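What follows is one structure encoded as structure tokens, with my remarks underneath.
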């Protein structure tokens, strides 16, 4: 492990442009279950059922059904604190060693930790946006939690609010920003993702077509292990990154 810490510290110090990609694994260390993990909602309820309800078509055709399910199974992350791994990435950005974070997560923990340049391709769960395109007022979790009806509506125009997250059937957010950051990196670090969800996995695959460094930190295998300059099977990402910071 000491050799890996030395190697990662050197990669960070010599990189001209480091971008980090994060998945659910970084947030499980903050206590948030992985949707696809052992205790995740897909395992508990079945992925097909979840996909049928957490879907843009269901939201549009039956918002009451959507929100009854969403309120029960998708909890607010407002009171969840960033993990040591989130804090370490923010510190690396503050030192100029990380340019940006592209995340699949909707929990907002990178921003809470102090990372300034975060591209959240699946949105942010604690934000809600008015579906009236002429309005698009934004509301927080407290407003939705205290709204007296199942489907929260806008104070301004009374149209339904939608969670500011990417539902099944919707394109990801910030597509071109994410693609440009990832493919333009000098060093790409993937943390807590098995790289099975597209299009993000495709962006990483495109990056691997260039002769640049790929560092993967993940429990278990990923789809791109074969292309990694270094693969770290870290039991606790926060501890590992903390030791890297100490070495830097």
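A few points about this structure:
- Residues of region 85-118 classified as buried (at least 23 other Cβ atoms within 10 Å of the Cβ) and on the phi > 0 side of the Ramachandran plot, total: 0
- If you go through region 154-179 and keep only what is surrounded by fewer than 16 Cβ atoms within 10 Å (Cβ to Cβ) and under 28 Å from residue 233 (Cα atoms), you end up with nothing.
- The one condition in (1) over 21 Å from residue 123 (Cβ atoms); (2) touching a strand residue (DSSP E or B) at 6+ places or on another chain (Cβ under 8 Å) that residue 183 fails to fulfil: (2)
- Residue ID - modelled with the lowest pLDDT, chosen from residues in region 78-94 that are out of contact with any strand residue (DSSP E or B) (no Cβ under 9 Å at 6 or more places or on another chain) and under 22 Å from residue 141 (Cα atoms): 79
- Scope region 95-118; condition farther than 16 Å from residue 28 by Cα, out of contact with any strand residue (DSSP E or B) (no Cβ under 7 Å at 6 or more places or on another chain) and in contact (Cβ under 8 Å) with a residue 60 or more places away in the chain; matching residues: 95
- Only listed residue being crowded, with 18+ Cβ neighbours inside 10 Å, under 17 Å from the mean Cα position of the chain (by Cα), under 24 Å from residue 240 (Cα atoms) and touching a residue at least 40 places away in the same chain (Cβ under 8 Å), chosen from 121, 189: 189
- Residue match in region 143-161 (condition: in a helix (DSSP H, G or I), touching a residue at least 12 places away in the same chain (Cβ under 8 Å) and touching a helix residue (DSSP H, G or I) at 6+ places or on another chain (Cβ under 8 Å)): no
- For region 200-207, the count of residues that are modelled with pLDDT under 95, over 18 Å from residue 16 (Cα atoms) and assigned to a loop (DSSP other than H, G, I, E, B) is zero.
- Matching residues in region 124-139 - criterion: being without any contact (Cβ under 8 Å) to a residue 40 or more places away in the chain and touching a strand residue (DSSP E or B) at 6+ places or on another chain (Cβ under 8 Å): 127, 128, 129, 130, 131, 136, 137, 138, 139
The values are calculated or read from the model by the stated rules, or taken from the named source; none is laboratory data. Computed from a predicted model, the values in this text were never measured in an experiment. Glycine also receives a Cβ, built like all others from the backbone with ideal geometry; neighbour counts cover every protein chain displayed.
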